[in-house]
Amino acid sequence: MTRLSGYLLPTEREPPADAEAVSHKLMVRAGLIRQVGAGLWSWLPAGWRVHQRAVGIVREEIDAIGAQEMLMPVMHPAEVWRRTGRYGIDELFKLQDRRGADLVLAMTHEEIVTLHVAQVVRSYRDLPFVLYHFSIKERDEPRPRAGVLRTREFIMKDSYSFDRDLEGLHASYDRHFDAYARIFERCGLEWYACESDVGMMGGFGAHEFMAPCAAGENEVALADGYAANVEVASADAQPVELPAPRDAPEPVETPGMTTVEQVSGALGVPPGALLKAFPVVVDGRGLVMTVVRGDHRVNEVKLRNALGAEFRPARPEEVAESIGPGGFIGPVGTDVPILLDDAVAPGGYVTGANEADRHLRGVEPERDFAFERADVRRVEAGDTVGGRAIRLEAAIEVGNIFKLGTRFSEPLGATYLDEAGAEQPIWMGSYGIGPARIAAAAVEQSADEAGIAWPRALAPFDVELVVLGKEGSDERAAADGLYDELTSLGLDVLYDDRDAGPGDKFADAELLGCPLRLTLGRRGLEAGELEVQLRRGREKRTVPLDGAAEAVAELWRAVP
RNA sequence: CGGGGAGUGGCGCAGCCUGGUAGCGCAUCCGGCUGGGGGCCGGAAGGUCGCAGGUUCAAAUCCUGUCUCCCCGACCA
């Protein structure tokens, strides 16, 4: 029984002044969420229904692959996190209890779930299995943003697979991949899976499930049959026309020209005919000069992976001391090791001369400087993969799956005895999904000028019934009856029985965005008709009042 | 962490420069009209101007400090 007259659905005509993202504006305006602090949000009743619908779909599909639901606490002793070396993570909230014992608030639950498994699993006969829970995650994000798209506290479904070997892990991973595909499909999202960075945790492979939308924080490189986070994407660069070769590098005066644009403009060569130096200080190795084409940019994730170590950009004084004046540095005549990007084809380039106000032209890799090769540049729109041009698209990460390997089982002693009685580490995978992001992504993808147009599976209610007519009128009586019939057919109905004008009711209904809006007023009652608006596209049609409930149920089943 | 912006009634804003009775639209409450796209008339309630300190006869307004929030970037296993 959901009558709007008694339901907390505080809609707003205006979005919050500082909101940018569509989902942020609309979810607040529609009365779904309210802000408590930076990255901290309450879900109001209608919003929580959406969230729980997403949760329900996730639960069904994860149950369907044989995973077992449980619940683990949000607050953990710091000790476990120290053991896995994750206590130092900046995003980890740390606190103390009254006795001064260190505690953390969980970002995820690898530590705790592995601890349990370490205590319980003895034999290969106990494996494999998958555990999961829905629980609150806490992350001290440097910058929460965009409503519920990036928050400091959120609910996540995280599952963990436990297998005896890598082969088993692959199988568990594949099952999750398929389950995730079904989940996002059922949620009515536009989505794709893409290769992603395995990060500092190492690991044996990872995918991110991306929902394209303007407010997305990730950039994805897409081509036919190819999808990868730009963090890891590789592609063939667009060729660049190089000037005629020279026998040796030749100095050229470039007073005050410290940018690629200035130099390429002054020398009349394309930016891609320059080499750009990006000096970094690598942990345990010192200064390294990364060199990419002038029209390319260094991708720091790829660079970190190529170096196999953390690094930081070199400070200006370090550059000045060891290489040359800022803005004029280059790979020729320096003893700093050079890491040359794969996209730099053979030929003569313009580079810094390591002297103020001077560049060199006709610089050829190999002939003029020694180097190591690696793919460290960020892909650009128009690059190709297998001959197909890629485009870059913003997307929000709605799920991720990760082959952990033995990253957690080893430090926490999660082992089993194999058939030969030998102790072996358990192979793990971890798999996350954020229902709040599913909801926000659905809003981002479906919204129009009138508000939200929920996919059927996520809508807070299946239909919204708008009655136009005072209490005690015939319209009301008819609407009351229709409401009961719809409910008895199993539909979730929001009944707008408020004493408000039609404009208010229509506007609110379209803002909230249930798939079907039913309107019953005097006009329709006299004609024996019920108006049905399909929210997506806002197309209106009528069905006979006689048998209207069944007709509505049928329309609802056909809606996307 | 760097840069930029903002805190004035539930929401959106003006007022601040040039100190002197705190204002507008929407929403809310009461009465009436209206009843198929945020309608109309009349009446009413609601604000320690983020917080602390200072200057002044007098501070939303000037000064200092502080907290919070937002945006861009960095960052985000």
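Points to keep in mind about this one:
- Residues (in contact (Cβ under 8 Å) with a residue 40 or more places away in the chain and either open to solvent by 10 Å² or more (accessible area, probe 1.4 Å) or not in a helix (DSSP H, G or I) (or both)) located in the stretch A:161-170: A:161, A:162, A:163, A:164, A:165, A:166, A:168, A:170
- Residue A:133 meets each of the listed conditions (1) exposed (fewer than 15 other Cβ atoms within 10 Å of the Cβ); (2) at pLDDT 95 or above; (3) of a type outside the set (Val, Ile, Thr) apart from (1).
- Every residue from the stretch A:435-461 that is under 20 Å from residue A:515 (Cβ atoms) and open to solvent by 10 Å² or more (accessible area, probe 1.4 Å): A:444, A:445, A:446, A:447, A:448, A:449, A:450, A:456, A:457
- Subset of the stretch A:340-358 [in a strand (DSSP E or B), under 17 Å from residue A:248 (Cα atoms) and not aliphatic (A, V, I, L, M)]: A:349, A:351, A:352, A:354, A:358
- Residue A:326 being at negative phi, open to solvent by less than 30 Å² (accessible area, probe 1.4 Å) and small (Gly, Ala, Ser): no
- Just so you know, in the stretch A:1-45 the residues that are touching a residue at least 12 places away in the same chain (Cβ under 8 Å), polar (S, T, N, Q) and more than 9 Å from RNA strand B (Cβ to nearest atom) include one that is most open to solvent (accessible area, probe 1.4 Å), and it is A:5.
- In the set A:268, A:272, only one residue is modelled with pLDDT of 80 or more, of a type in the set (Gly, Ala, Ser) and more than 34 Å from the chain's Cα centre (by Cα); that residue is A:268.
- Comparison of A:256, A:265, A:284 shows that the only residue that is out of contact with any Cys (no Cβ under 8 Å at 6 or more places or on another chain), farther than 23 Å from residue A:315 by Cα and not in a strand (DSSP E or B) is A:265.
- Top-ranked residue of the stretch A:365-387 - restricted to ones that are aliphatic (A, V, I, L, M) and open to solvent by less than 10 Å² (accessible area, probe 1.4 Å), ranked as nearest to residue A:298 (Cα to Cα): A:376
- The number of residues in the stretch A:505-560 being in a helix (DSSP H, G or I), acidic (Asp, Glu) and surrounded by 17 or more Cβ atoms within 10 Å (Cβ to Cβ) comes to 2.
- Test for residue A:325: is it modelled with pLDDT under 80 and either assigned to a strand (DSSP E or B) or over 36 Å from the mean Cα position of the chain (by Cα) (or both): yes
- Out of A:224, A:126, A:178, A:158, one residue alone is under 19 Å from the mean Cα position of the chain (by Cα) and either open to solvent by 20 Å² or more (accessible area, probe 1.4 Å) or of a type in the set (Ser, Thr, Tyr) (or both). It is A:178.
- Residues that are within 14 Å of RNA strand B (Cβ to nearest atom), closer than 18 Å to residue A:386 by Cβ and either modelled with pLDDT of 85 or more or of a type outside the set (Val, Ile, Thr) (or both) within the stretch A:196-234 comprise just one, A:220.
- The stretch A:390-434, residues that are surrounded by fewer than 22 Cβ atoms within 10 Å (Cβ to Cβ) and over 25 Å from residue A:85 (Cβ atoms): A:391, A:392, A:393, A:394, A:417, A:418, A:419, A:420, A:421, A:422
- Scanning the stretch A:478-504 for residues that are in a helix (DSSP H, G or I) and near RNA strand B (Cβ under 6 Å from one of its atoms) turns up A:502, A:503, A:504.
- Residue within the stretch A:76-99 that is open to solvent by less than 60 Å² (accessible area, probe 1.4 Å) and in contact with a His (Cβ under 6 Å, 6 or more places away or on another chain) present: no
The values are calculated or read from the model by the stated rules, or taken from the named source; none is laboratory data. It should be emphasised that the depicted structure is a prediction, and the values quoted were computed from it without experimental measurement. Backbone-built Cβ (ideal geometry, glycine too); neighbour counts: all protein chains shown. Please note that ligands, DNA and RNA were not included when accessible areas were found on the heavy atoms of the full protein model with its side chains. Shrake-Rupley method; radii C 1.70, N 1.55, O 1.52, S 1.80 Å.
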